[in-house]
Structures are given as structure tokens and as C-alpha cells.
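Remarks on the structure that follows.
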């Protein structure tokens, strides 16, 4: 009777391979990896920044992300982005529907036109800015935050979906035109 046998005589599955064989195999793989990678510099851990945000219009960011999502994400990874544009939609937290005047704002959406360089076709690109913390109705009124109005935010690229086409910025906060918060 082994560890896989049940009391009724049935078997749970095949016996485990000996632990020594797995340990030896693991060490061999680790040694091969070390030898293959030795002499190569370590991959970069992301750009070092001085905390200064990168200033972009929502239209410029949308076009860059549409044209080259991977390159744009690499270029702006770990960087604070200061994005200015016209609000396309405001989303409330509880059900992801359009926010009313007295609702908190969870997501601010820039809807910008982008052009496919190959076909010259124009598409709408959505840049979703997840506000952290939510924008209160009082903050919203003080900032003049409303659909169709220009606004500036600060955030970092979180995800890009070329098929949608859309991108998400995370930990966004309302910003002033000069880059302050």
C-alpha cells in the first residue's frame, strides 16, 4: 500500500517520482540557466526618473499607444504622465454607469480620435483613468470636471488593449495645467 491508495483499495494516481531525481534535475536546469546567462548584463529595471511627469495631450498619448503599444508602454513605464484632454465620459463607482452631478467619479475617460497609419481609417481610442481616490462631488465642482470640458490628470500606464482599442491609467489624480496636483 502506498500514499496514493485509498482504504477501499482504489488508487489515487501514479506514485511520485523519487525526490532525489527532481532535486538533481532542478539543479541541472539552474546550472544550465546560470551558464547561459553569465556574461550578459542584467535587464533594466525600468527607467530611472527624477519624478518629473511626462506632459502629453490625450490625443498624442492615444495615437502613440495605437501606433506602437509595446514601445509606448516601454517608453512611459514607471513614469508619471500628465495628460490633458477633453472629458469624454465620467463613470461612477457602484455600477460603471455614466455619473450624475452628485455622484463620486471612479473613472474619467478620454475619447480621442486616432488614425490607422496603414489604412488612414479613423477610430476612437479610449483612455480610461482610474481615479485613486475617487473624486468627490465637491472636488468635481471645484475642478469644473464635466463631460466635454478640458481637464488635466496625472497617472501611470496600467494596461493597453490594442484590440479594443483602449488603455488604462492607474492611480490618477486631478492635476493643474502646470503639472501640480
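Some values worked out for this structure:
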| item | result |
| --- | --- |
| Any hit, the range 100-118, residues being part of a loop (DSSP other than H, G, I, E, B) and free of Cβ contacts under 8 Å to residues at least 24 places away in the same chain | yes |
| Tally, over the range 124-181, of residues that are outside any strand (DSSP E or B) and within 13 Å of residue 62 (Cβ to Cβ) | 3 |
| Matching option when the condition is in contact with a strand residue (DSSP E or B) (Cβ under 8 Å, 6 or more places away or on another chain), over 19 Å from residue 76 (Cβ atoms) and surrounded by 18 or more Cβ atoms within 10 Å (Cβ to Cβ), among 143, 167, 99 | 99 |
| Condition check for residue 153: surrounded by 14 or more Cβ atoms within 10 Å (Cβ to Cβ) and within 14 Å of the chain's Cα centre (by Cα) | no |
| Some residue of the range 71-78 being in contact with a strand residue (DSSP E or B) (Cβ under 7 Å, 6 or more places away or on another chain) and modelled with pLDDT of 95 or more | no |
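The values are calculated or read from the model by the stated rules, or taken from the named source; none is laboratory data. The structure displayed is predicted, hence computed values, not measured ones. Reconstructed Cβ throughout: ideal geometry from the backbone, glycine too, with neighbour counts over all protein chains shown.
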